[in-house]
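Everything on this sheet refers to the single structure shown next.
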There are 2 protein chains.
Amino acid sequence: MLSKKTKYGIKALTYLARQENRTPVQIATISKSENISLKFLESILLTLRKNDFLGSKKGKGGGYYILKEPKDIQMAAVMRILEGPISMIPCVSLNFYEKCEDCPDENACAVHKLMAQVRDSSLKIFKNTTLADLCNC
Amino acid sequence: MLSKKTKYGIKALTYLARQENRTPVQIATISKSENISLKFLESILLTLRKNDFLGSKKGKGGGYYILKEPKDIQMAAVMRILEGPISMIPCVSLNFYEKCEDCPDENACAVHKLMAQVRDSSLKIFKNTTLADLCNC
DNA sequence: AATTAGCCTACTATATTAATAGGGTATGCA
DNA sequence: TGCATACCCTATTAATATAGTAGGCTAATT
């Protein structure tokens, strides 16, 4: 399941990508517009800022704004920051690899075989889809 | 994340699919061979039996055996029984659809758009992959 | 200086997962 | 018939992750 954190994060990113100029948008504005708990959204935007997707400005007239061009933001990067691994199981993960304790031979494992295929196809989509593709801008 | 339930279920299915004849295999045998908690495996096999993937025989010489031909068992069906929805979010699910409370327009939603693509590609793999493909039999 | 709005830490409620426990019931064989 | 075998079923629990809440701090603007 996709976490609400990721869902909200993507919604916030598209909201900010749709802004004409780079004028900062307040958390509360996005929160109301997208029906997201303000405090929860706050922590999500903070994560995105720490990972250089967003910039922020404090004080009056402050808020968050997008740093890169939407067409240069791959959804694979967004997913990995917000959701974590793209793979459904750590033993096929490229960025978050972990060996299964119970499994003596990955190459002989049916689950590994199946999930590697799923990871490949999902990753392909996440890499080929940018924020610009999602927000029509 | 793929649950251990599904992981173990697929492992058990491949184990049973690899059996030459339809001789019942005891839970304990699979449990030891695949390093799965016996009681947990018991409940998983029960689920698979109730969904007509497996048959069982009680008493001495009893156990579980596969009912259909491995090549006729789509992984999509297995996933839906053990894991639930194939979609990462209910609003793009074909079999477990639910509307998002916070989202006024699915067609305008970036998350919906992205996740629909992921569902399509995953579903394609789960439908085209059979148990026979995974266990080389 | 006052106000605004982001920054940061800590806590909590809820749900799900992964087991575990323990007894019940049908089957086969001596 | 009786006993051992092995599946059947319900209930409980421990651990973990998610989603959200609370509250105060700090920097920037006017």
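The values are calculated or read from the model by the stated rules, or taken from the named source; none is laboratory data. Computed from a prediction, not measured in an experiment: that's the story for all the values here. When we count neighbours, we look across all protein chains shown, and the Cβ atoms used for this are built from the backbone with ideal geometry, even at glycine. Please note that ligands, DNA and RNA were not included when accessible areas were found on the heavy atoms of the full protein model with its side chains. Shrake-Rupley method; radii C 1.70, N 1.55, O 1.52, S 1.80 Å.
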How many residues does the stretch B:84-137 contain that are in contact with a strand residue (DSSP E or B) (Cβ under 7 Å, 6 or more places away or on another chain) and over 19 Å from A:I125 (Cα atoms)? 1
Within the stretch B:54-97, which residues are in contact with a Ser or Thr (Cβ under 9 Å, 6 or more places away or on another chain), among the hydrophobic types (A, V, I, L, M, F, W, C) and more than 16 Å from DNA strand C (Cβ to nearest atom)? B:I73, B:M75, B:A76, B:L94
Does the stretch B:9-26 include one or more residues that are within 11 Å of chain A (Cβ to nearest Cβ) and within 12 Å of DNA strand C (Cβ to nearest atom)? yes
Suppose we filter the stretch B:27-48 for residues that are away from DNA strand C (no atom under 13 Å from the Cβ) and more than 14 Å from every other protein chain (Cβ to nearest Cβ); how many remain? 2
Would a scan of the stretch B:38-47 turn up a residue that is outside any helix (DSSP H, G or I) and open to solvent by less than 20 Å² (accessible area, probe 1.4 Å)? no
Considering (1) open to solvent by less than 50 Å² (accessible area, probe 1.4 Å); (2) of a type in the set (S, T, Y); (3) more than 8 Å from DNA strand C (Cβ to nearest atom); (4) farther than 25 Å from B:Y97 by Cα, say which one A:S3 fails and leave the rest. (4)
Being open to solvent by less than 60 Å² (accessible area, probe 1.4 Å), within 11 Å of another protein chain (Cβ to nearest Cβ) and farther than 30 Å from A:E20 by Cβ, is that true of even one residue in the stretch A:68-84? yes
So in the stretch B:103-135, with the set limited to residues that are farther than 30 Å from A:L16 by Cα and facing chain A (nearest Cβ under 9 Å), which one is surrounded by the most Cβ atoms within 10 Å (Cβ to Cβ)? B:L131
In the stretch A:101-124, what count of residues is obtained for those that are within 29 Å of A:G9 (Cβ to Cβ) and free of Cβ contacts under 8 Å to residues at least 12 places away in the same chain? 5
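For (1) in contact with a strand residue (DSSP E or B) (Cβ under 8 Å, 6 or more places away or on another chain); (2) among the hydroxyl-bearing types (S, T, Y); (3) within 21 Å of B:T129 (Cα to Cα), each residue gets a yes or a no:
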| residue | (1), (2), (3) |
| --- | --- |
| B:L2 | no, no, yes |
| B:N35 | no, no, no |
| B:E42 | no, no, no |
| B:I66 | yes, no, yes |
| B:D72 | yes, no, yes |
Name the residue that is nearest to A:V118 (Cα to Cα), counting only residues in the stretch A:88-102 that are facing chain B (nearest Cβ under 9 Å) and surrounded by 18 or more Cβ atoms within 10 Å (Cβ to Cβ). A:M88
